[in-house]
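Comments concern the structure below.
The values are calculated or read from the model by the stated rules, or taken from the named source; none is laboratory data. This is a predicted model, so every value here is computed, not measured. Heads up, the Cβs are rebuilt from the backbone with ideal geometry, glycines too, and the neighbour counts pull from every protein chain shown. Ligands, DNA and RNA are excluded from the accessible area calculation, which covers all protein heavy atoms including side chains. Shrake-Rupley method; radii C 1.70, N 1.55, O 1.52, S 1.80 Å.
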Amino acid sequence: FINIQSTGDASDFGDLSAITARPSGVSNSTRGLFIGGTGPSSPYYLNAIEYITMSSLGNSEDFADISQTLWYVSGGANDTRAVVGGGYGTPNAPANANNIEFMTIASLGVNSSDFGDLLYATREHSATASPTRVVWFGGKGDTGVSDTQNTIQFIEIATTGNAIDFGNLPTTTNSGNASSNGIRGFVCGGNTPSPFSASSIFTVTMATKGDGTDYDDLNANPTQLPQIGTVANSNKAIVAGGTTGGETNVIQSFSMATTGQSADFGDLTVPRYAPAGVSDSHGGLLE
């Protein structure tokens, strides 16, 4: 864990119940949930939801399950409800999933419920939330299981139903991550072709619909490549880990209010790729 308002290296918080890669992290101010992912041995894909109590240190505990075994499911949360969608896993082949599921964060022991469907089956997409919406960016899917997309889609958290088209990013991207200050959403760090790069940051206004625009760049030394993790408060987004030919332990931050403010923050306790991050002060929470 880190304290977002300061700078410095990460400290140990606790352990998950098992070694897990590519889970999804969603949270409110009280609990952080880690959803799905892959384990080191067969059957690999996981459907577990684990939780931590944000205000204390300690190991995760069992929360409930999602309906399928999936990795790279992604989503967001407000004070009450977490919503996740997509991913890759079983029972379909395995293949990309298009289902959206939700859970009430306060309801310990209650499995996720069906919410609706994404526009198409997708994985390696990024997601973030405002207090009213979850927005997904890019990913792999649509015409083929691994075709990279520039699609932006969203749902209204308080309802149920299928995702709605939001707009498009300036380029295709996958394996990045996203943050929000509640007003704007930001996506960065994925497999992004020229003239953009993995250090590009794109933004949308969460309450409207429309195409994403180029916002800024991450600190280029070292450039954060795919498989990053993100967390945020209402002002600052944190980008951690990733791959630079191997895992990196670099943490950096950028301002969600002012461009040109990407800066070194500190280091993770160990190099990581595809970590899931949760925050008790992100843009999906009402202050």
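Is there a residue being of a type in the set (A, V, I, L, M, F, W, C), at pLDDT below 95 and either on the phi > 0 side of the Ramachandran plot or open to solvent by 30 Å² or more (accessible area, probe 1.4 Å) (or both) anywhere in segment 24-42? So far as segment 24-42 goes, no, none of its residues is of a type in the set (A, V, I, L, M, F, W, C), at pLDDT below 95 and either on the phi > 0 side of the Ramachandran plot or open to solvent by 30 Å² or more (accessible area, probe 1.4 Å) (or both).
Residues that are open to solvent by less than 40 Å² (accessible area, probe 1.4 Å), polar (S, T, N, Q) and assigned to a strand (DSSP E or B) occur at least once in segment 198-212.
Residue-wise test of (1) among the β-branched types (Val, Ile, Thr); (2) at pLDDT 95 or above.
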| position | (1), (2) |
| --- | --- |
| 106 | no, yes |
| 114 | no, yes |
| 134 | yes, yes |
| 139 | no, yes |
| 145 | yes, no |
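Looking at segment 229-239, can you tell me whether even one residue there is touching a Cys at 6+ places or on another chain (Cβ under 7 Å), surrounded by 24 or more Cβ atoms within 10 Å (Cβ to Cβ) and modelled with pLDDT of 90 or more? Taking every residue of segment 229-239 in turn, at least one turns out to be touching a Cys at 6+ places or on another chain (Cβ under 7 Å), surrounded by 24 or more Cβ atoms within 10 Å (Cβ to Cβ) and modelled with pLDDT of 90 or more.
Residues in segment 240-251 that are open to solvent by less than 10 Å² (accessible area, probe 1.4 Å) and among the hydrophobic types (A, V, I, L, M, F, W, C): 251 alone. The single residue among 126, 74 that is touching a residue at least 60 places away in the same chain (Cβ under 8 Å) and touching a His at 6+ places or on another chain (Cβ under 6 Å) turns out to be 74.
Can you find a residue in segment 252-265 that is modelled with pLDDT under 90, closer than 30 Å to residue 30 by Cα, buried (at least 19 other Cβ atoms within 10 Å of the Cβ) and not acidic (Asp, Glu)? For segment 252-265, residues modelled with pLDDT under 90, closer than 30 Å to residue 30 by Cα, buried (at least 19 other Cβ atoms within 10 Å of the Cβ) and not acidic (Asp, Glu): present.
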